[in-house]
Amino acid sequence: GENVEQHPSTLSVQEGDSAVIKCTYSDSASNYFPWYKQELGKGPQLIIDIRSNVGEKKDQRIAVTLNKTAKHFSLHITETQPEDSAVYFCAASKDGTGTASKLTFGTGTRLQVTL
Amino acid sequence: NAGVTQTPKFRVLKTGQSMTLLCAQDMNHEYMYWYRQDPGMGLRLIHYSVGEGTTAKGEVPDGYNVSRLKKQNFLLGLESAAPSQTSVYFCASSTGTGGLVTGELFFGEGSRLTVL
């Protein structure tokens, strides 16, 4: 099955700096890569996703890049703010298989934005 | 807007006891999922359902059973709890597209279970 590795496990940045979280996946057939943000005491929430027919996607201060050849994708957060502090999860799945799309999650990155 | 609601939010069990976690969603979603979250291991899929009356095994199904008698509800049961089942459990739901396109998962706030 799919295996998703995520690094780093913890990341501390100063407010205003950029943060980058990286993930690699093992199944070359995976074609959907979402990122979820989990705030303390809450369930994860989708913040951005990308499909394998594009290499980059942006939404305001966050962006995701995908390298299909190397089988890795990354989350980029620019101009970080204290409210960005949370645990971030990457995930991968295969669309088009005709069954419920089951996400395989990475192990999470705890991002702390300091003042 | 309620979204996905899990009950109970906290529970302490003794080894061998049984319990049921209830998940309810009000978004008319076809698909529902149960995940467990453990430190350093991310979210792992236990069981899932693609519609009322159907269930399927995920990555870590052993020791758990599920039922989906109503479209809006997805129950997770532990027949004989073990300390290894101490975890935070998350229910999620998503729209059904025949599995052709992965939809956004909407998560509940979690249920923290401790087995002594």
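The values are calculated or read from the model by the stated rules, or taken from the named source; none is laboratory data. All of these numbers come straight from a predicted model, not from anything done at the bench. So basically every Cβ, Gly included, is an ideal-geometry build from the backbone, and we count neighbours across all protein chains shown. Keep in mind that these areas ignore ligands, DNA and RNA; they rest on the heavy atoms of the full protein, side chains included. Shrake-Rupley method; radii C 1.70, N 1.55, O 1.52, S 1.80 Å.
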**Request:** Could you please give the count of residues in region B:10-39 that are within 14 Å of chain A (Cβ to nearest Cβ) and either free of Cβ contacts under 8 Å to residues at least 40 places away in the same chain or hydroxyl-bearing (Ser, Thr, Tyr) (or both)?
**Result:** 4
**Message:** Looking only at residues that are among the β-branched types (Val, Ile, Thr) and in a loop (DSSP other than H, G, I, E, B) in region A:65-88, which one is surrounded by the fewest Cβ atoms within 10 Å (Cβ to Cβ)?
**Reply:** A:Thr69
**Near pairs, Cβ below 6 angstrom, 6+ apart or cross-chain, from region B:83-99 (farther than 13 Å from B:Gln37 by Cβ and open to solvent by less than 10 Å² (accessible area, probe 1.4 Å)) to any residue that is among the polar types (S, T, N, Q) and modelled with pLDDT under 95** = B:Gly99/A:Thr97; B:Gly99/A:Thr99; B:Gly99/A:Ser101
**Asked** Pick from A:Ala91, A:Ala19: which is open to solvent by less than 10 Å² (accessible area, probe 1.4 Å), among the hydrophobic types (A, V, I, L, M, F, W, C) and within 14 Å of chain B (Cβ to nearest Cβ)?
**Response** A:Ala91
**Message:** I need the full set of residues from region B:100-116 which are in a loop (DSSP other than H, G, I, E, B), modelled with pLDDT of 95 or more and surrounded by 19 or more Cβ atoms within 10 Å (Cβ to Cβ), in order please.
**Reply:** B:Gly108, B:Gly110
**Message:** Scan region A:52-64 and tell me whether some residue there is of a type outside the set (S, T, N, Q), more than 19 Å from A:Ser18 (Cα to Cα) and surrounded by 13 or more Cβ atoms within 10 Å (Cβ to Cβ).
**Reply:** no
**Message:** I'm checking my understanding of the structure. Among residues of region A:22-32 that are part of a strand (DSSP E or B) and open to solvent by less than 40 Å² (accessible area, probe 1.4 Å), which one is modelled with the lowest pLDDT?
**Reply:** A:Tyr32
